[in-house]
1. Could you work out what % of the accessible surface of the chain is carbon and sulfur, using a 1.4 angstrom probe and leaving DNA, RNA and ligands out of the count?
2. Where is the GNM fluctuation largest for the chain (alpha-carbon springs, 10 angstrom cutoff): 103, 288, 91?
3. With +1 on each Lys and Arg Cβ and -1 on each Asp and Glu Cβ, how big is the dipole of the chain about its Cα centre, in debye rounded to the nearest 20?
4. So how strong a dipole does region 363-450 carry about its Cα centre when Lys and Arg Cβ are +1 and Asp and Glu Cβ are -1, to the nearest 20 debye?
5. Over all directions, how big on average is the projection of the convex hull of the alpha-carbon atoms in the chain, in square nanometres?
6. If you count only protein heavy atoms with a 1.4 Å probe, what accessible area per residue comes out for the chain, rounded to a whole Å²?
7. Based on the mean of other beta carbon atoms within 10 Å per residue, what is the order of 159-165, 307-313, most packed first?
8. Could you estimate the translational diffusion coefficient of region 295-343 from the Stokes-Einstein equation, with Rh from the Kirkwood formula over C-alpha pairs, at 37 °C and 0.692 mPa s, in whole µm²/s?
Amino acid sequence: MARKIFGTDGVRGQANSFPMTAELALRLGAAAGRYFRRDGSTGHRVVIGKDTRRSGYMLENALTAGLTSTGMNVLLLGPVPTPAVGFLTRSMRADVGIMISASHNPHHDNGIKFFGPEGFKLSDEAEAEIEAILEGEIRLSHPGNIGRARRIDDGLWRYGEYAKTTFPAGRRLDGLKVVLDCANGAAYRVAPEVLWELGAEVIPLGVSPNGDNINDGCGSTRPQAAAEAVRAHGADVAIALDGDADRAILIDETGTVADGDQIMALFAERWAAEGRLRDGTLVATVMSNLGLERHLQAQGLRLERTGVGDRYVVEAMRAGGWNLGGEQSGHIVMTDYATTGDGMLAGLQFLAAMVETGQPASALARRFERVPQLLKNVRYGPGSTPLETGPVQQAIAAAEARLAGQGRLLIRKSGTEPVIRVMAECEDDALLVEVVDSIVAAVEGVSHAA
């Protein structure tokens, strides 16, 4: 079954524009409620979390109305990280979890992500079935079976207490000065508290959300502020989260940024040495650097690649029985601890490596030499399909011919915004720029013509 409104990570778009309208959210909540109540029984519950966007109030209320209209009881968590929703869905024995967030996107966007009862994101097939219900006439509950809604005030702190249990027993962060950038997002309260309770001296950034400043000049997609804070305060390390705290980027004591590939390389090495890395395999997407793959091979380890999106990483991990994966963007998935990418847990594992080895962040976060990689994003207009046009296909074929035996090319349409992502890797820097720019020019050409 094809999906029309779901992308690679739930439903996403500009707030108050289709599909991120209150009307659609209400119907989507009702459709999800009917999907998870297919057996007709009562007593079903759903947990709903959100990040700090202004539009979260509107979507939270609309979803609640739709869900209760089909007999679901709603537990409202308020602002919590996305991984907290996965954790609490399972912990609270809920049938479904919902996170209202557009992750690293600017404040005017928002999104809706669904988690199944085990805390994992729904499959493509499940999302397609919910869409099919959405497009039909949704059967509402009898007046006596309308659901209830209540606020859960301590869900955030339940997650925080769990997060601390993933840090090595008996270890503390005493003596470590940590810059923590919460992107004015969902982790702005819990993440600084967890690090402080473990003994770190915390220098907080991005902890004053106002509904409009999420990811604004801060967080994992704008790590410059954290890098400057590291240098200004003489900090040992910085952890930069994104708006919903399911990804993390690390900055070492020199202000150098380490992406998800470097973090995964470190964890894979350490876990393999400890006998914890299942089947000697790390799962990452097609976007991860070729240098990571070569580094793992030199260690006798294997890289399993998937499509882009942490949901697809998790699906591959579950199917293969593997326990470590992630994305270059900073989603680090450790299924021994969590059901989705978790920026705070990834940060804690990195800090644990610093404590246990006594090595500085710079030594731990530079595991391999990257193959030169260039990624450019090209926006296109509504209804446009640039990848299907002759000029773009010809440009791609020519670029692939030029890179043959020297590198690789990846062209994909974003699943969360109207963007074509053009990425190439090649040891020859000049050739790298030429092939990427040739495709970008072709996409822009057909987009402007349309």
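1. Working: 8640 of 17760 Å².
Summing carbon and sulfur atoms, their accessible area is 49 percent of the total for the chain.
2. 91
3. Values: 46 positive and 56 negative charges, 229 e Å.
The dipole magnitude comes to about 1100 debye.
4. 360 debye
5. Values: hull surface 86.6 nm².
Result: a mean projected hull area of 21.7 nm².
6. Working: 17760 Å² over 450 residues.
Heavy-atom SASA per residue in the chain reads 39 Å².
7. Working: 159-165: 18.0, 307-313: 22.1.
Top of the packing list down: 307-313, 159-165.
8. On the way: Rh = 11.1 Å.
In µm²/s, the coefficient is 296.
The values are calculated or read from the model by the stated rules, or taken from the named source; none is laboratory data. Just so you know, these numbers come straight off a predicted model, no measurement behind them. Note that each Cβ is placed from the backbone with ideal geometry, even for glycine, and that neighbours are counted across all protein chains shown. Accessible surface is based on the protein model in full, side chains and every heavy atom, while ligands, DNA and RNA are left aside. Shrake-Rupley method; radii C 1.70, N 1.55, O 1.52, S 1.80 Å.
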